[in-house]
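Peer 1: Got a structure here, written out as structure tokens. Questions coming.
The values are calculated or read from the model by the stated rules, or taken from the named source; none is laboratory data. Quantities reported herein were computed from a predicted structural model and do not represent experimental measurements. Here the Cβ is made from the backbone with ideal geometry for all residues, glycine too, and neighbour counts use every protein chain on show. With ligands, DNA and RNA removed, areas are computed over all heavy atoms of the protein, side chains included. Shrake-Rupley method; radii C 1.70, N 1.55, O 1.52, S 1.80 Å.
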Amino acid sequence: MSDRTIGPLERPLRAVRDSGRKLIVPYVTGGLDDNWIDVVHALAEAGANAIEVGIPFSDPVMDGPIIQAASVRALERGTTPQSVISELAGLDVGVPIAVMTYTNLIAHAGYHRMAQSLAAANIAGAILPDLPLDEAAEWMAEASAATIDAVQLVAPTTPDERLVRICEASKGFVYAVGLLGVTGERTEVASSALVIARRCQLVTDLPVLVGVGVSNAEQAVTICEEADGVVVGSALIRRLLDGAGPEGAADFISEIRLALDQRWPAGE
Amino acid sequence: MEPPTESGRFGDFGGRFVPESLVPACLELEQAFNVAWNDPSFRHELDDLLKHYAGRPTPVTECRQLSDQLGIRLLLKREDLNHTGSHKINNVLGQALLAKRMGKRRFIAETGAGQHGVASATAAALLGLECVVYMGEVDVKRQELNVFRMKLLGAEVISVTSGARTLKDAINDALRDWVASVESTYYCIGSVVGPHPYPFMVRQFQRVIGDEARVQCQEYLNGEDPDIVVACVGGGSNAAGTFAGFADARSRLVGVEPSGGAANGKGVAGIVHGMRSNFLQDESGQIEEAHSISAGLDYPGVGPEHAYLAAIGRATYESVNDAEVLLAFQRLCATEGILPALEPAHALAWILRACETGEIPRGSTVMMTLSGRGDKDVAEIMEILN
């Protein structure tokens with residue numbers, strides 16, 4: 001690991017992972033409601049290890065109906081990339097913030113300018129699900145220069161040789177897409193989630209988080225038998241769309257925190 | 001026109017900006033297409049279908065009355081005479097044969113006006129594939145007849161209710177389907193858009209338009225190429241196929257976009273639907289909706305090769321408004337007895353205007369691709385004109 005620096009998203013996630021605990025990274029759509037920043041605070045207090053903030057885009061092809069609806073709501077409220085970044089600037093919730101958005105919003109601002117403005121807002125990482133490794137070099141260089149961890153994604157269809165290259169390039173953590181499909185709740189854990197997590201663990205020392213289709217505490221525990229943690233998006237957003245508010249969001253994440261900590265307490 | 005680079009680039013445009021789940025599928029498709037395209041047995045099978053099933057070669061018709069009125073020689077490449085009524089069948093037969101060759105039994109497509117959906121449903125019926133067509137709810141309503149045709153052909157039509165509920169959103173939902181079904185499903189994109197290899201592959205399947213037209217025009221013009229070659233542009237497949245045949249000719253190439261969806265004329269570079277190209281966007285980079293009288297051109301982007309041809313100046317892109325399109329539509333009906341689709345009526349609308357302003361000098365020879373017939377649009381036009 002001597003040839004790579006450990007970035008602001010990776011450092012705290014790695015520390016928790018190394019302590020024996022599992023990682024929870026909840027997703028919230030930036031600008032979803034007036035109180036979305038309160039939701040970010042509540043998630044951190046409920047035991048999230050990092051928070052993924054979605055910058056809403058008009059054409060989110062990796063997202064299912066729930067996050068699409070959240071994106072529409074946020075955009076209708078006048079949310080822009082700049083408004084999300086401004087609201088996050090100076091925020092200190094004790095855990096790192098990573099933004100998740102689509103490449104066009106980053107490219108439109110310019111990779112350099114966007115990386116600099118994310119860094120100025122103290123944002124630790126960025127996840128772009130439509131920017132695969134082969135197209136990511138320019139963005140990764142700009143992100144790296146700005147000390148933003150550019151997280152790469154692997155999918156169940158990623159061949160072994162490619163998986164190694166993606167894991168080597170990724171910063172912050174490896175985002176393992178748990179199933180073939182878009183974001184959304186599922187009634188059961190896909191077997192592909194365990195397989196992809198195991199495949200990543202064999203080739204990387206980075207924390208490996210499974211996202212897409214992680215719907216409740218029980219599923220999080222099942223997945224963490226192989227993964228270092230989970231990203232929870234649609235299941236949380238559905239609750240927020242239904243009016244759960246910061247408290248409801250915190251309750252849901254606390255439940256997952258508790259289940260994971262019971263199974264994997266610190267120091268083991 | 002040259003093939004794209006290994007990373008699918010036409011100049012700065014193109015690429016493969018898709019979720020990781022789809023990258024291996026795009027690579028597999030690229031490989032399968034390259035092998036098939038260079039395999040004489042595949043080409044023979046495709047040519048045979050184009051000839052005996054689709055009705056190729058389509059003729060080039062000289063518009064005698066309209067030419068006299070305009071003081072030019074106007075030639076039409078008659079893609080409206082293809083089976084299913086438009087150029088879309090050229091691409092779909094190629095991709096459906098490819099799907100079969102790749103062992104994919106499920107064939108999905110997006111559609112705007114419904115022409116690509118009908119062509120896809122047709123090819124799927126012919127070749128025994130299961131077909132699912134994504135169509136924006138707005139388009140389902142304005143193209144009722146094509147929806148019914150697709151169902152008759154055995155396709156499932158899914159009405160898309162996300163976003164603006166038109167072509168852009170149909171592509172989004174088709175991509176979402178493909179992300180979940182990529183191992184068993186072939187995604188048949190209907191235009192020269194999407195991640196590499198689609199823009200290149202669809203252009204190659206459509207270049208039969210331009211290759212035929214080049215020879216046919218020379219028969220009319222004593223071995224000369226036309227001065228100007230014109231085609232309408234939404235995503236731009238009929239234009240790409242047409243231009244491919246004339247790229248090394250001296251002909252001026254003109255693409256005509258609807259004024260409410262002029263991605264090359266009014267858009268800026270962006271990355272959407274798997275490609276870097278020009279898109280209509282707001283100041284933050286959110287994609288805007290395209291608006292025009294023709295569902296088939298209601299796309300806020302354009303194929304990357306068109307963005308490239310515009311950037312290097314090999315082709316120019318003009319735009320016309322709905323009123324001009326309606327006049328052009330009526331004029332071709334009345335003078336030549338040909339009922340064009342609203343999409344190619346855009347190309348004619350520009351020709352009419354350019355003849356009036358003198359941009360097309362008297363005595364010019366002009367070849368226009370009439371990409372489809374207008375039967376699908378009659379009900380809508382009747383409503384507008386009454």
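Peer 1: If you plug each phi of region B:46-52 into the Karplus form 6.51 cos²θ - 1.76 cosθ + 1.60 with θ = phi - 60°, what whole-Hz ³J(HN,Hα) values come out, in order, with x for Gly and Pro?
Peer 2: The phi angles translate into 5, 4, 5, 5, 4, 7, 8 Hz.
Peer 1: Here is a further query. Which whole-Hz couplings ³J(HN,Hα) result when phi for each residue of region B:194-210 is put into the Karplus expression 6.51 cos²θ - 1.76 cosθ + 1.60, θ = phi - 60°, listed in order with x for Gly and Pro?
Peer 2: So the Karplus estimates, Gly and Pro as x, are x, x, 4, x, 4, x, 6, 4, 5, 4, 5, 5, 8, 5, 4, 4, x Hz.
Peer 1: Here's something else I'd like to know. When only the heavy atoms of the protein chains count and the probe is 1.4 Å, how do B:Tyr186, B:Tyr317 rank by accessible area, highest first?
Peer 2: Working: B:Tyr186 5, B:Tyr317 35 Å².
These residues rank, largest area first, as B:Tyr317, B:Tyr186.
Peer 1: Any number yet on Rg/Rh for region A:10-258, C-alpha, Kirkwood? Show your work: numbers first, answer last.
Peer 2: On the way: Rg = 16.3 Å, Rh = 17.6 Å.
With Rh from the inverse mean 1/r over Cα pairs, Rg/Rh is 0.92.
Peer 1: Label-point separation (nm) for B:Asp375 and B:His44, each offset 7 Å from Cα along Cα-to-Cβ?
Peer 2: Here the answer is 3.4 nm between the modelled labels.
Peer 1: Sorted by accessible area with a 1.4 angstrom probe, largest first, how do A:Cys200, B:Cys355 fall? Don't jump to the answer; show the numbers that get you there.
Peer 2: Details: A:Cys200 0, B:Cys355 25 Å².
From most exposed to least exposed: B:Cys355, A:Cys200.
Peer 1: Here's another thing I want to ask about it. Dividing the Cα convex hull volume of the protein assembly as shown by residue count, how many Å³ per residue is that? Spell out each step's value before the answer.
Peer 2: Values: hull volume 95.8 nm³, N = 654.
Once divided by residue count, the hull of the protein assembly as shown is 147 Å³.
Peer 1: Could you name every residue in region A:150-166 that has 40 Å² or more less accessible surface in the full protein assembly than in its own chain alone (probe 1.4 Å, ligands and nucleic acids excluded)?
Peer 2: A:Thr157, A:Arg162
Peer 1: Where Lys and Arg each count +1 and Asp and Glu each count -1, what net charge lies around B:Asn82 among other residues with Cβ under 10 Å from its Cβ?
Peer 2: Values: positive: B:Arg56, B:Arg78, B:Lys88, B:Arg373; negative: B:Glu79, B:Asp80.
That sum, taken over residues with Cβ under 10 Å, equals +2.
Peer 1: Ignoring ligands and nucleic acids, what accessible area does B:Arg56 show with a 1.4 Å probe (Å², nearest 10)?
Peer 2: In the full protein context, B:Arg56 sits at about 10 Å².
Peer 1: Tell me which residues come under 5 Å, amide H to amide H, from B:Val157 once H is placed; ignore anything under 5 positions away on its chain.
Peer 2: B:Val133
Peer 1: Taking all protein chains in place and a 1.4 Å probe, what share, in percent, of the accessible surface of region A:10-258 do carbon and sulfur account for?
Peer 2: Numbers: 4150 of 8310 Å².
Carbon with sulfur: 50 percent of the solvent-accessible area.
Peer 1: For a distance above 33 Å, tell me the whole-number percent of Cα pairs in chain B that qualify. The partial results should precede the final answer.
Peer 2: On the way: 16446 of 74305 pairs.
Result for the distance tail: 22 percent.
Peer 1: Which listed residue (A:Leu202, A:Pro56, A:Ile6) has the Cα farthest towards the positive end of the charge dipole for the protein assembly as shown, taking +1 on Lys and Arg C-beta and -1 on Asp and Glu C-beta about the Cα centre?
Peer 2: A:Leu202
Peer 1: Using the Karplus curve 6.51 cos²θ - 1.76 cosθ + 1.60 with θ = phi - 60°, what ³J(HN,Hα) values do you get for each residue of region A:56-65, in whole Hz, with x for Gly and Pro?
Peer 2: Couplings: x, 10, 5, 10, x, 6, 8, 9, x, x Hz.
Peer 1: Interface A/B, total buried accessible area with a 1.4 Å probe, nearest 100 Å²? The partial results should precede the final answer.
Peer 2: Numbers: alone 10980 and 14310 Å², together 22680 Å².
About 2600 Å² of accessible surface is lost on pairing.
Peer 1: Let me ask something else about it. I need to check one value: relative contact order of chain B, counting alpha carbon pairs closer than 8 Å and at least 6 residues apart, in percent. Before the final figure, lay out each step's value.
Peer 2: Details: 839 pairs, mean separation 77.9, N = 386.
Relative contact order of chain B: 20 percent.
Peer 1: What is the ratio of the Cα radius of gyration of region B:11-67 to 2.2 N^0.38 Å, with N the residue count, to two decimals? Intermediate values should be presented prior to the final figure.
Peer 2: Details: Rg = 18.7 Å, N = 57, 2.2 N^0.38 = 10.2 Å.
For region B:11-67, the normalised Cα radius of gyration comes out at 1.83.
Peer 1: Test of understanding: in a Gaussian network model of chain B with alpha carbons linked when under 10 Å, which of B:Gly296, B:Gly55, B:Gly270 would top the mean-square fluctuation ranking?
Peer 2: Looking only at B:Gly296, B:Gly55, B:Gly270, the largest GNM fluctuation is found for B:Gly55.
Peer 1: Then there is this: Go ahead and set up a Gaussian network model of chain A, Cα springs under 10 Å, then flag whichever of A:Ser71, A:Ser191, A:Ser215 fluctuates most.
Peer 2: A:Ser191
Peer 1: Right, something else. Please count, across the protein assembly as shown, the pairs of lysine residues with Cα atoms under 17 Å apart that sit 8 or more places apart or on different chains.
Peer 2: So the count of such lysine pairs works out to 8.
Peer 1: When the solvent-accessible surface of protein heavy atoms is calculated with a 1.4 angstrom probe, in what order do A:Asp251, B:Asp169, A:Asp134, B:Asp68 fall, highest first? Display every interim value, and only then the final one.
Peer 2: On the way: A:Asp251 100, B:Asp169 0, A:Asp134 75, B:Asp68 125 Å².
From most accessible down to least: B:Asp68, A:Asp251, A:Asp134, B:Asp169.
Peer 1: Between A:Val164, A:Val210, A:Val177, find the one with the highest GNM mean-square fluctuation for chain A; connect C-alpha pairs within less than 10 Å.
Peer 2: A:Val164
Peer 1: While we're looking at this one, here's another question. Given Cβ point charges of +1 (Lys, Arg) and -1 (Asp, Glu) and nothing else, what value in debye, to the nearest 20, does the dipole of the protein assembly as shown about its Cα centre take? Present the calculation step by step, with values, prior to reporting the outcome.
Peer 2: Details: 54 positive and 84 negative charges, 236 e Å.
Dipole of the protein assembly as shown, to the nearest 20 debye: 1140 debye.
Peer 1: Using the heavy atoms of the protein chains and a 1.4 angstrom probe, tell me the accessible area per residue for the protein assembly as shown in square angstrom. Before the final figure, lay out each step's value.
Peer 2: On the way: 22680 Å² over 654 residues.
On a per-residue basis, the protein assembly as shown sits at 35 Å².
Peer 1: Could you check the simple spin-label distance between A:Glu161 and B:Thr335, using points 7 Å along Cα→Cβ, in nm with one decimal?
Peer 2: 5.9 nm
Peer 1: Please tell me the relative contact order of region A:10-258 in percent, rounded to the nearest whole number, where contacts are Cα pairs under 8 Å and at least six residues apart. Walk me through the intermediate numbers first.
Peer 2: On the way: 513 pairs, mean separation 58.1, N = 249.
Reported relative contact order: 23 percent.
Peer 1: Related question: Please calculate the 1.4 Å probe accessible area of B:Val35, with all protein chains present, and give it to the nearest 10 Å².
Peer 2: Its heavy atoms expose roughly 80 Å² to the probe.
Peer 1: Place +1 on the Cβ of every Lys and Arg and -1 on the Cβ of every Asp and Glu in region A:196-268, take the dipole about the Cα centre, and give the residue among A:Gly213, A:Val231, A:Gly245 whose Cα lies farthest towards its positive end.
Peer 2: Comparing the listed Cα positions along the dipole, A:Gly213 ranks first.
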